[in-house]
Amino acid sequence: MTTVHIDVLYVSAYNPGHFGYVGSQSALCLTGYEYFYRNEVRYSMKIKAIIFGATGMVGEGVLHETLKHANVESVLVIGRRTCNITHQKLKELIHNDFFDYSNIEERLRGHNACYFCLGVSSVGMNERNYSRLTYDLTMQAANALSRLNPDMTFCYVSGAGTDSTEKGRIMWARVKGKTENHLMKLPFKAVYLFRPGFIKPTKGLRNAHGISKVVGWLYPLWKVLFPKYVSTLEDLGIAMIQATVEGYPKQILENKDITQFARTSRGATI
């Protein structure tokens, strides 16, 4: 057994098209194919992300994770109002018509990831209005982005219980299912659909203070009783970023997939 100094190229097990330079590492030569590494994998891919919904709880949490993440080079937040966050990676674009992007197309070019976190509650809404603000609004943005950035990975926050058949009795689940199905048909590099259940907010963020105080103390109990249906906002953000970097074997990530993928990504040592 000999200690050697080598240059290591990381290749994703999920998507061979994703690769990155790990760096010069010390390794133990056991066979021609096996090496043990102690340092964390450092991917070479640099993400230039667009985020929708950053003034909401989920979008703000995902934005928070992107600004911390070494693989994220820049973030463009698109919203009707400012997110009131200042960061060297961050740029904002105030845009009032989410059904028409023709006048800002040049600003949308040159990005390789979109984290779409916009969403409305279906409570008190009929299917027509909910579909307009869920399906129509999402598809307008996605159609524009797929045309302008065919090398983009599009990550959509859906929800646990979404109905992929589009034929169930629950209205919001049918509409979400239709949105997911049509997103998967667009010519993006990749589309990933995230279906979180109960999400524990990230403490300290502007849109999470009240919710954290009310439900934060319940999370440890719910995590024990319903482990397949609870996750943290940090889990969701990390899983979306990691899906962009290395891909994922499934297009639909249920809550358990989100938490497992995030946990694996946090401890990404080989």
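The values are calculated or read from the model by the stated rules, or taken from the named source; none is laboratory data. Please read these numbers as outputs of a predicted model, since none were measured by experiment. Counting neighbours? That spans all protein chains shown, and the Cβs are built from the backbone with ideal geometry, glycine included.
When Pro201 is tested against (1) modelled with pLDDT under 95; (2) surrounded by fewer than 18 Cβ atoms within 10 Å (Cβ to Cβ); (3) not hydroxyl-bearing (Ser, Thr, Tyr), exactly one condition is not met: (2).
The condition (being modelled with pLDDT of 95 or more and more than 21 Å from Thr202 (Cα to Cα)) is satisfied by just one residue among Tyr115, Tyr101, Tyr37, Tyr43: Tyr101.
Restricting Phe98, Phe188 to residues that are touching a strand residue (DSSP E or B) at 6+ places or on another chain (Cβ under 7 Å), assigned to a loop (DSSP other than H, G, I, E, B) and hydrophobic (A, V, I, L, M, F, W, C) narrows the list to Phe188. Scanning the stretch 162-185 for residues being more than 20 Å from Lys256 (Cβ to Cβ) and either at pLDDT below 85 or touching a strand residue (DSSP E or B) at 6+ places or on another chain (Cβ under 7 Å) (or both) gives a total of 2. Whether a residue is more than 21 Å from Ser265 (Cα to Cα), in contact with a His (Cβ under 6 Å, 6 or more places away or on another chain) and surrounded by 16 or more Cβ atoms within 10 Å (Cβ to Cβ) was assessed, and Ile78 passes this test. Considering only residues in the stretch 133-161 that are small (Gly, Ala, Ser) and over 23 Å from Ile258 (Cβ atoms), the one that is surrounded by the most Cβ atoms within 10 Å (Cβ to Cβ) turns out to be Ser146. Of all residue pairs spaced 6 or more apart or on separate chains, those with beta-carbon atoms under 6 Å, a first member in the stretch 228-249 that is touching a residue at least 40 places away in the same chain (Cβ under 8 Å) and a second member that is of a type in the set (S, T, N, Q) and assigned to a helix (DSSP H, G or I) are Tyr229/Asn255; Ile238/Ser265.
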